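The values are calculated or read from the model by the stated rules, or taken from the named source; none is laboratory data. Keep in mind the model is a prediction, meaning the values are calculated, not measured. A quick note on method: Cβ atoms are made from the backbone with ideal geometry, for glycine too, and the neighbour counts reach across all protein chains shown.
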Amino acid sequence: MRTGDDEDAPAARSAGELALELGRRVECVVAVRYSRSREHAIRCERLRQIEGGVARVTFDLRLAAFFSSAPDAIVDDLARWLLHGRRSRGAHTRLMAWIDARWAAQAPRTIPAWARRTAGEHHDLEQLFAELRSARGGQALARLDPVPTIGWGRWPTRAPKRGLQLGSYEHERAWVRIHPVLDTQDVPDWFVRFVLFHECLHALVAQNRWDGGAHHGPIFRRLEAAHPDTARADAWQTENTSALVRRVRARFARR
C-alpha cells in the first residue's frame, strides 16, 4: 500500500542517471558515486583539464545515498551549488535544509560507551580540551554548539600501510576520536592538544556550514593557521609518522 506522499516521491535514480542529469544542467562531465557515509552528504572534487588548448571542467561527486530520490528542484539546486557555491544563496539554503531533513529522517545512532573515555594512560583529553579552549589559537572553539563528545578511539583491526589518521570527526553524532597511538609518554601534550584542536575545528566549520562542504577549505585553513602550534605540529608529525606507524604495526606482529 502506498500513501499519497509516496505517490509524489520521485523514483530512485542510479548514480549514472543522476550524473547525466547534473551534467546536462552544468554543461560539463559529472561523475557520481553514492556513499553510505553518515558524515558527509556531499564530497566534491572540481577538476580542470586543458585539452587542445581548451579548458574543461569536470566534477567528481560522492553523495549520500538519499540523493538517489532527490526531487528535480533539489537536483537543480545541487547543480547551481556546483557552479556557484555559496554565492547561489537561495540554492545553497534550500539544498542544506533538504539535507538536514534527510539526516533527521534517518534512525539516530548513539555514541558507544567506550568512545566517551577521555582519560588515557599518559594524556587526559578532557583536560587538554579545557586547556585548548582557554589558550591562544583555541578560543575560536568557544563557538562550538554543541560541544562534540571527545574520546580515545579504538586500535585499528588492520595494520596501516603508510600513514595514520590521528583523529576524526563525525558530524552526525558530533563525535571526535583521537587515535590511541598518541597516548604514550613520548608524544608531547601540546601535539595531542593540537590534533584535538584540528578535529574540533572540523566540528566548528561543519556546524556553521563554512567552506561549502570542503574538507580543508579556506576558512578551516585560516583558523588552523592562527593557532601558534600549527607549524611545529606539522613538523613533529612529519618527523614522527614513521615511528607511529611502526608502533601500530608492532601490535599486529605480536599476535
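Being touching a residue at least 24 places away in the same chain (Cβ under 8 Å), surrounded by fewer than 21 Cβ atoms within 10 Å (Cβ to Cβ) and under 20 Å from the mean Cα position of the chain (by Cα) is the filter; apply it to segment 154-168 and report the residue that is nearest to ARG133 (Cα to Cα).
Going through the qualifying residues, I end up with SER168.
Exactly one of these conditions fails for ILE111: (1) in contact with a helix residue (DSSP H, G or I) (Cβ under 8 Å, 6 or more places away or on another chain); (2) farther than 24 Å from ARG246 by Cα. Give me its number.
Tallying (1) in contact with a helix residue (DSSP H, G or I) (Cβ under 8 Å, 6 or more places away or on another chain); (2) farther than 24 Å from ARG246 by Cα, ILE111 fails exactly one: (1).
Just the residues that are within 18 Å of the chain's Cα centre (by Cα) and modelled with pLDDT of 90 or more, please, taken from segment 99-110.
Correct list: ILE99, ARG102.
Could you tell me whether ARG80 is at pLDDT 90 or above, within 21 Å of PRO218 (Cα to Cα), among the basic types (Lys, Arg) and out of contact with any Leu (no Cβ under 7 Å at 6 or more places or on another chain)?
yes
Only one of (1) modelled with pLDDT of 95 or more; (2) closer than 23 Å to GLN127 by Cα fails for GLU239. Which number is that?
Of the numbered conditions (1) modelled with pLDDT of 95 or more; (2) closer than 23 Å to GLN127 by Cα, the odd one out for GLU239 is (2).
Quick one: in segment 190-231, of everything that is surrounded by fewer than 15 Cβ atoms within 10 Å (Cβ to Cβ) and in contact (Cβ under 8 Å) with a residue 40 or more places away in the chain, which residue is nearest to the chain's Cα centre (by Cα)?
Out of the qualifying residues, it is HIS215.
Checking ARG255 against (1) modelled with pLDDT under 90; (2) surrounded by 16 or more Cβ atoms within 10 Å (Cβ to Cβ), which test does it fail?
Unmet for ARG255, out of (1) modelled with pLDDT under 90; (2) surrounded by 16 or more Cβ atoms within 10 Å (Cβ to Cβ): (2).
Considering only segment 114-139, state which residues are closer than 11 Å to VAL192 by Cβ, assigned to a helix (DSSP H, G or I) and free of Cβ contacts under 8 Å to residues at least 12 places away in the same chain.
The one that is closer than 11 Å to VAL192 by Cβ, assigned to a helix (DSSP H, G or I) and free of Cβ contacts under 8 Å to residues at least 12 places away in the same chain: GLN127.
Which condition does ARG86 not pass, out of (1) more than 16 Å from GLU21 (Cα to Cα); (2) at pLDDT 85 or above; (3) touching a helix residue (DSSP H, G or I) at 6+ places or on another chain (Cβ under 8 Å), if it passes all the others?
With respect to (1) more than 16 Å from GLU21 (Cα to Cα); (2) at pLDDT 85 or above; (3) touching a helix residue (DSSP H, G or I) at 6+ places or on another chain (Cβ under 8 Å), ARG86 is out only on (2).
Can you find a residue that is modelled with pLDDT under 90 and at negative phi anywhere in segment 11-19?
Yes, because at least one residue in segment 11-19 is modelled with pLDDT under 90 and at negative phi.
For segment 85-113, how many residues meet the condition of being surrounded by 13 or more Cβ atoms within 10 Å (Cβ to Cβ) and part of a helix (DSSP H, G or I)?
Residues flagged as surrounded by 13 or more Cβ atoms within 10 Å (Cβ to Cβ) and part of a helix (DSSP H, G or I) within segment 85-113 amount to 12.
Got at least one residue in segment 102-118 being touching a Phe, Trp or Tyr at 6+ places or on another chain (Cβ under 7 Å), of a type in the set (A, V, I, L, M, F, W, C) and farther than 30 Å from GLY16 by Cα?
Yes: segment 102-118 contains one or more residues that are touching a Phe, Trp or Tyr at 6+ places or on another chain (Cβ under 7 Å), of a type in the set (A, V, I, L, M, F, W, C) and farther than 30 Å from GLY16 by Cα.
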